[in-house]
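Undergrad: My questions all concern the structure below.
Every number in this text was worked out from the coordinates using simple rules, so none of it is lab data. Only a predicted model underlies this, so the values are computations on that prediction, with no experimental measurement involved. Cβ coordinates were reconstructed from backbone atoms using ideal geometry, including for glycine residues, and neighbour counts include every protein chain displayed.
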Amino acid sequence: MKALNILLLLFIILLLGSGCAEKIHVENCVQGEAHGFLDGLIHGVIAPFALITMLFKEDVTVFAIHNNGFWYAFGFILGSGGWGILAGKKK
């Protein structure tokens, strides 16, 4: 039960934090400095919420269009759960 409460608290914090995210128009995403590792990490964490939002709004994307390639993608993968990279071995 304690683990469930901690998980619920983390989910609420994540939900409230993602609500504070700045909205950037797609046209502005291809200008300026490319998104890097830290941006990819943050985008990976909020990706589930962005995916749900994409159902209702056309101007929301999950993956930044203007990124620096490998490091952005690596941060995105880690932020979205790491595809099991960080999972421990089962006993």
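Undergrad: Suppose R0 equals 35 Å. What FRET efficiency, 1/(1 + (r/R0)^6) with r the Cβ-Cβ distance, do Asn68 and Ile12 give to the nearest 0.05? If you can, show how the numbers build up before the last one.
TA: Details: r = 32 Å, r/R0 = 0.92.
E between Asn68 and Ile12, to the nearest 0.05, is 0.60.
Undergrad: Moving on to the next point. Rank the residues Phe37, Phe76, Phe70 as a footprinting-exposure proxy: fewest other Cβ atoms within 10 Å of their Cβ go first. Walk me through the numbers before you get to the answer.
TA: Details: Phe37 18, Phe76 23, Phe70 10.
Ranked by crowding around the Cβ, least crowded first: Phe70, Phe37, Phe76.
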